[in-house]
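Each value in this text was obtained by applying a stated rule to the coordinates, not by laboratory testing. This is a predicted model, so every value here is computed, not measured. Heads up, the Cβs are rebuilt from the backbone with ideal geometry, glycines too, and the neighbour counts pull from every protein chain shown.
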Amino acid sequence: MTAIPQTDRTAPLVEATAVTRHYRVSTGAFGHKATLHALSGVDLSIPRGAVVGLVGESGSGKSTLSRLLLGLETPTAGRVTLEGRPIAEIPRKQVARRIQPVFQDPYSSLNPSWRVADLIGLPLAVHGIGDGPSRARRVRELLDLVGLPGRVADAYPAALSGGQRQRVAIARALAIEPEVLICDEPTSALDVSVQAQILNLLLDLRRETGVAMLFISHDLAVVEHMTDRVAVLYLGRVVEQGATAEVFNAPKHPYTAALKASVLTPDDAAGLPDLALGTVFPNPLDPPAGCRFHPRCLRATDRCRTEAPATRDVAGRRVECHWAE
Ligand SMILES: Nc1ncnc2c1ncn2[C@@H]1O[C@H](COP(=O)(O)OP(=O)(O)O)[C@@H](O)[C@H]1O
Ligand SMILES: [Mg+2]
């Protein structure tokens, strides 16, 4: 008999510990390769039933972390665990049973040639849950749960609006009653008028089902509304992490404070936010020495330019700044 790795019910449901993710990328001419530092030593945990926010500019590593937490990619160093057990050791299907994604774009995440009933029922079929009639009943229940009329079951995605498609994607994610949803910019591709409806749906579902969430967004106001805890990512590092209200009301890291004064976009091509963050481009191919934020920080000193700050507990949260006190 092979030993079954132990799971620990007291451990956070999903946890990233010292997670680093590098990519080898070509940098233009002569096939030259360089290392892109997407994430560098990230700690993040999603407790059972909690909604944890992840904010940061475009390119800070949010989507990379979401793929690692879903077990879709493996870290270069560090580990991701599910109830204390490394995700890499758990069969893919078992991970998918418990951690489900909701992506930004419901247009590309739903196969256009499938009817809604089949899209939502697929996870039930894959996991061998129920038979034909019970799956059909479950699909109706799920449509109801996400606020869609039963007749949508027979429709193809093309006949639905963006908001309806995202509801279908959420119903599909919930079909097998996962414990965590990893929501990566779940409303950024939707019209502003429907964004609030989808956000409220997610909050209702959390109340009704107790599902935990990682909620990724470039929109601080949305994260403030949606989450209990928040982690602020800068150039692949979590610079501040704590209770959402405390972090946003009284930021301890100058980057969090600057973010509050900026308007971010989810669009990779849109470049940097303006305002408080200046014009120095954070380059993951060549992260700065010392504190990664120092080239853009108004408070930076010589120490910040040479010595990387350790993550410390300050005022009930985790902060990575020499001057957090
Ligand atoms: N598969 C990949 N190959 C090479 N570079 C990648 C890959 N995925 C992400 N990156 C790079 O990693 C950094 C973080 O990207 P990402 O996680 O998508 O950030 P965010 O979601 O915060 O915008 C970016 O510089 C991005 O270009
Ligand atoms: Mg992203």
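Tabulated data for the structure shown
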{"read-out": "Over 19 Å [Cα-Cα, region 78-127], rounded percent", "value": "43 percent"}
{"read-out": "Paired Rg and Dmax values of the chain, which use every Cα atom, in angstrom", "value": "20.6, 68"}
{"read-out": "Taking region 14-319 and dividing mean pair separation by its residue count, relative contact order in percent (alpha carbons under 8 Å, at least six apart)", "value": "22 percent"}
{"read-out": "Rg/Rg_globular for region 89-205, with Rg_globular taken as 2.2 N^0.38 Å and Rg from C-alpha atoms", "value": "1.01"}
{"read-out": "Principal-axis tilt of helix 116-126 within the chain, Cα atoms, nearest 10 degrees", "value": "80 degrees"}
{"read-out": "Ranked D204, D313, criterion: other C-beta atoms within 10 Å, fewest first", "value": "D313, D204"}
{"read-out": "Antiparallel bridge percentage (DSSP; both residues within the chain; nearest 5)", "value": "60 percent"}
